[in-house]
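The structure appears right after this line, and notes come after that.
The values are calculated or read from the model by the stated rules, or taken from the named source; none is laboratory data. These numbers were taken from a predicted model, which means no experiment stands behind them. Cβ atoms come from the backbone with ideal geometry, glycine included; neighbour counts cover every protein chain shown. We work out accessible area using only protein heavy atoms, side chains counted, and drop any ligands, DNA or RNA first. Shrake-Rupley method; radii C 1.70, N 1.55, O 1.52, S 1.80 Å.
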Amino acid sequence: MAEINFTTNKKGEATPNPAKKYARYVIIAIIILLLLIVVFNSFSIVNEGYIGVKYRFGKIVQDDLTAGLNFHIPMVEEIVQVDIREQVYAVTTDAYTSDTQTVNELQLKVNYCYDSTMLSNIIRNIGVSNVETKLLVPNVQKIAKDAIGKVKAEQLVQSRADVTAEIQSSLTEILDDYGIIVTAFAIENLSFDAAFEESIQGKVIAEQDALKMENKTKEKEEEAKQVVIAAQAEADSVRIAAEAQADAIALIQEQLQNSPNYIEYLTVERWNGVLPQVISDGVNPFVALNSATGGNDD
């Protein structure tokens with residue numbers, strides 16, 4: 001049986017041993033510390049742009065933990081963060097066109113992200129860290145080379161966007177089954193042999209010159225059309241003026257036929273108030289003398 005030692009105070013009263021008292025405080029402190037450690041280890045933080053995957057004894061039990069503080073059982077469960085933001089895979093390779101032209105240092109770039117609804121399948125069947133080596137490396141190069149091998153080098157240069165779209169469509173169809181979403185694809189470099197590039201450049205320059213001549217011809221044709229339009233407008237103006245004058249003459253003739261005094265009316269209307277200097281009946285002319293000539297009225 002454990003022996004309890006007591007000390008006596010000045011009054012002769014028994015008191016517990018101080019060492020025992022301090023040991024109890026230490027035990028309580030250790031228990032509180034252990035509780036705090038357990039509490040703090042029961043929560044994990046998932047950062048923005050990531051999704052939390054909870055494991056229980058190595059088995060996935062939840063794969064949709066959102067950003068923030070998430071609870072798990074210490075020593076039993078574990079939360080692992082998976083980056084679900086858009087990622088980029090780039091590769092440089094060579095390819096051949098259908099007319100056996102070599103595309104040197106072909107630079108391909110794929111933007112992709114994980115389908116959060118299929119994250120468990122990706123982890124179980126492929127592994128997040130193996131997505132590039134198992135899926136992107138073999139498929140990107142194969143699909144790109146197959147698509148480029150179907151077109152001629154000149155067509156590849158002129159229809160680069162169409163070939164790019166075809167490759168992205170094929171990648172999307174294949175990788176979608178694995179839970180990989182292709183958000184963008186780009187061919188960032190097309191480099192051919194120097195002789196072929198010079199021939200392409202010469203052809204482009206010739207086409208540009210031909211286009212300039214065609215535009216110049218169209219410009220001349222437009223100028224000619226404008227001249228014809230202006231001439232037609234002037235002719236129409238002259239015709240309208242002539243028709244108006246003819247109508248006026250016809251109207252005057254009609255007035256003369258219907259009213260013999262119409263000429264006298266026009267004469268009076270146009271008279272400026274000055275009498276003529278000479279009036280003659282053909283035999284005896286009458287000359288009016290102006291006062292300005294020095295004559296008088298006597």
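Would you tally the residues in the stretch 119-142 being open to solvent by 20 Å² or more (accessible area, probe 1.4 Å) and under 34 Å from the mean Cα position of the chain (by Cα)?
Going through the stretch 119-142 one residue at a time, the tally reaches 11.
Listed residues Ile45, Ile79, Ile27, Ile60; which is out of contact with any Pro (no Cβ under 6 Å at 6 or more places or on another chain) and part of a helix (DSSP H, G or I)?
Ile27
Mind checking which residues of the stretch 82-118 are open to solvent by less than 30 Å² (accessible area, probe 1.4 Å) and not in a strand (DSSP E or B)?
The one that is open to solvent by less than 30 Å² (accessible area, probe 1.4 Å) and not in a strand (DSSP E or B): Thr97.
Condition test on Gln208, is it of a type outside the set (A, V, I, L, M, F, W, C), within 22 Å of Thr97 (Cβ to Cβ) and either at pLDDT below 80 or open to solvent by less than 60 Å² (accessible area, probe 1.4 Å) (or both)? So that I can check it myself, show each step before the final result.
Values: of a type outside the set (A, V, I, L, M, F, W, C): yes; within 22 Å of Thr97 (Cβ to Cβ): no; either at pLDDT below 80 or open to solvent by less than 60 Å² (accessible area, probe 1.4 Å) (or both): yes.
Judged against the criteria, Gln208 is not a match.
Could you list, in sequence order, all residues of the stretch 156-170 that are within 13 Å of Leu190 (Cα to Cα), assigned to a helix (DSSP H, G or I) and free of Cβ contacts under 8 Å to residues at least 12 places away in the same chain? Let's see the steps before the verdict.
Narrowing the stretch 156-170 to residues within 13 Å of Leu190 (Cα to Cα): 156-161, 163-164.
Still in the running and assigned to a helix (DSSP H, G or I): 156-158, 160-161, 163-164.
Across the stretch 156-170, the qualifying residues are Gln158, Ala161.
Of the residues Leu175, Leu266, Leu256, only one is open to solvent by less than 90 Å² (accessible area, probe 1.4 Å) and modelled with pLDDT of 75 or more; which?
Exactly one residue qualifies, and that residue is Leu175.
For the stretch 98-109, how many residues meet the condition of being touching a helix residue (DSSP H, G or I) at 6+ places or on another chain (Cβ under 8 Å) and modelled with pLDDT under 90?
4
Are any residues in the stretch 93-144 among the β-branched types (Val, Ile, Thr), closer than 15 Å to Ser191 by Cα and in contact (Cβ under 8 Å) with a residue 24 or more places away in the chain, and if so, which ones?
Once the filter is applied, which keeps residues that are among the β-branched types (Val, Ile, Thr), closer than 15 Å to Ser191 by Cα and in contact (Cβ under 8 Å) with a residue 24 or more places away in the chain, the stretch 93-144 yields Thr93, Thr97, Thr102, Val103.
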